[in-house]
Amino acid sequence: MTGDSFVQDLVAPVPRAGTREWVGLSVLALPAFVIAVDFSVLNLAVPEISRQLMPSATGLLWIVDIYGLMLAGFLVTMGTLGDRIGRRRLLMIGAACFGLASVAAAYSVNAGMLVGARAALGLAGATLMPSTLSLISSMFPDERQRTVAIAVWSTSLPLGGAVGPLVGGAMLQSFWWGSVFLLAVPVMVVLLATGPVLLPEYRDTAAGRPDFLSVGLSLAAVLPAVYGLTEIAAGGSLLVPVAAVAVGLLVGWGFVRRQRTLADPLIDPRLFREPGFSAALGINTLAYFVILGMLLLISQYLQLVLGMSALRAGLWMLPTMGGLIGGSLVTPLTTRRLRPAFAMAAGLAVAATGFGLLTQASTLGLAAVVTGSAVFGLGLAPVTNLVVGLVLGSAPPQLAGAASGLSETSTEFGGALGIAILGSVGTAVYHYRVVGRIPPGISGPAARAIGATLGDATATAGQLHGPAAGAVLASARSAFTSGVDVVAGVSAIIVAALAVVALARLRRVTPADD
């Protein structure tokens, strides 16, 4: 909050939320919880889906990826649409569609039907996240209360990520693969029943008609870019993925140019003139860059290096989720005495310490991975929470939906970039370390497979006999762990640099006064 806004608050105190708003907050946390669960349970169900529906390799890729593509592509559009037609109305529509799409996914009879259902889930999910955040902005105009509300809402994401593998694994042991998608249905029913009673409606009555060309341009920019980044992370030929990213960037440039000429743009350029808005989005993007990039490697380390099952690996990742939840809950406490810039810098310093611990994975093993990931989660959770607060607090009320969409889009882009780039760094280190340790007598396709990925090396080792199999596994696992060390070091440098950026760009943003 700036000095001028503080003077205005002395003249006209900001209204504080009451019981209805705090109860309504629990309703708003439900969609974020469900989306996190939906992300986490699919990975557990993939083996059974492959056996039952027998999708092609491309079909299975679309089953996994289409949800995130649709979610990322429509976030900005849906955030702006909520400002125009009503944020609660859009949330109710999205909840109904999400529930119906979940049923369709659960009872899919072939891969094509499941791909379509997952696409519908992504589209519906894109209506939920911006609507919940923008409604929080409307319901909690007081900055301190809004910080607490965002912290509570944010805990639902790691909580869903932690609960999803546990509940999903238990359901897969007792029911068919589609049962994991039905977890969302009762939650959406509760949201539809309580939302109209507990949640206020807000819409910008002065907003004009949406510019459909801008909607098309935003989709044509986001979808190819996210697709390309996902494909780069998956490996293989780079020609098509790089071309897709280039097309997305080119169309994105045209989209930005068009917004500057419109009287009623899809994304109002005024948002980026607000102090700290652009810096906050950049920090959010890079925070999720290191979070998701590192979590991908940690998950592979637990399963491929240590040989854990998916369910056991999920259990060992609970401390990470605990760190994220704990960091979210302490956010309001840190902002009572510290300006956002200093609170962010402190969190980023804690995160750098966690990544520093992760650089010792080769020597300390599981202890370094579990402790380091819990510490970086504890440090980064307040940072991402404060970013959301800054984005919502700096946006005019009529643009809160658009601002929420931008915030969530930066999260999706950051995660996709982190998986692609940090995953590539880890793969490069793995290849460099393992090629010199391939046992004598192994050459040709087998040697190329060992040098490609740890998964390929594990499969190749399973086809070998005698000491060569053990030697391949040992060298491949050691090389992969070295990649974890290096990526953790890169992540530590990134978050340390972000601490400097936060202090430099956000130091004039002050906390709200009581």
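Among (1) in contact with a Pro (Cβ under 7 Å, 6 or more places away or on another chain); (2) outside any helix (DSSP H, G or I), there is one condition SER108 misses while meeting the rest; what is its number?
(1)
All but one of (1) among the hydrophobic types (A, V, I, L, M, F, W, C); (2) modelled with pLDDT under 80; (3) within 21 Å of THR359 (Cβ to Cβ) hold for ILE267; which doesn't?
(3)
Taking helices (runs of 4 or more DSSP H) that fall entirely within region 414-514, which contain at least 1 residues that are closer than 27 Å to VAL245 by Cα, touching a residue at least 40 places away in the same chain (Cβ under 8 Å) and not hydrophobic (A, V, I, L, M, F, W, C)? Don't jump to the end; show me each part of the working.
Details: elements: 444-452, 454-461, 467-505.
Hits in region 414-514: 454-461, 467-505.
Test MET92 against the stated conditions and say whether it is outside the structural domain of GLU408 (by TED's automatic domain parsing), assigned to a helix (DSSP H, G or I) and either surrounded by fewer than 24 Cβ atoms within 10 Å (Cβ to Cβ) or in contact with an Asp or Glu (Cβ under 7 Å, 6 or more places away or on another chain) (or both). Walk me through how you get there before you give the answer.
Details: outside the structural domain of GLU408 (by TED's automatic domain parsing): yes; assigned to a helix (DSSP H, G or I): yes; either surrounded by fewer than 24 Cβ atoms within 10 Å (Cβ to Cβ) or in contact with an Asp or Glu (Cβ under 7 Å, 6 or more places away or on another chain) (or both): yes.
So MET92 passes the test.
For every residue, the table says whether it meets (1) of a type outside the set (A, V, I, L, M, F, W, C); (2) within 23 Å of MET308 (Cα to Cα).
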site: LEU417; (1), (2): no, no
site: TYR430; (1), (2): yes, yes
site: VAL435; (1), (2): no, no
site: ILE438; (1), (2): no, no
site: ALA452; (1), (2): no, yes
site: THR458; (1), (2): yes, yes
site: ILE493; (1), (2): no, no
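Is it true that some residue in region 282-298 is more than 23 Å from THR77 (Cα to Cα) and not assigned by TED's automatic domain parsing to the domain that holds THR359?
For region 282-298, residues more than 23 Å from THR77 (Cα to Cα) and not assigned by TED's automatic domain parsing to the domain that holds THR359: absent.
Just give me the residues in region 1-34 being at pLDDT below 80 and either of a type in the set (A, V, I, L, M, F, W, C) or surrounded by 19 or more Cβ atoms within 10 Å (Cβ to Cβ) (or both), in sequence order.
Selection gives MET1, PHE6, VAL7, LEU10, VAL11, ALA12, VAL14, ALA17.
Going by the conditions given, is THR359 over 16 Å from the mean Cα position of the chain (by Cα) and more than 30 Å from THR147 (Cα to Cα)? Spell out how you get there, then give the answer.
Values: over 16 Å from the mean Cα position of the chain (by Cα): yes; more than 30 Å from THR147 (Cα to Cα): yes.
Considered against the rule, which asks whether it is over 16 Å from the mean Cα position of the chain (by Cα) and more than 30 Å from THR147 (Cα to Cα), THR359 comes out as yes.
The values are calculated or read from the model by the stated rules, or taken from the named source; none is laboratory data. Just so it is clear, the structure is predicted and the values come from calculations on it, not from any experiment. Cβ: placed from backbone, ideal geometry, glycine included. Neighbour counts: every protein chain shown.
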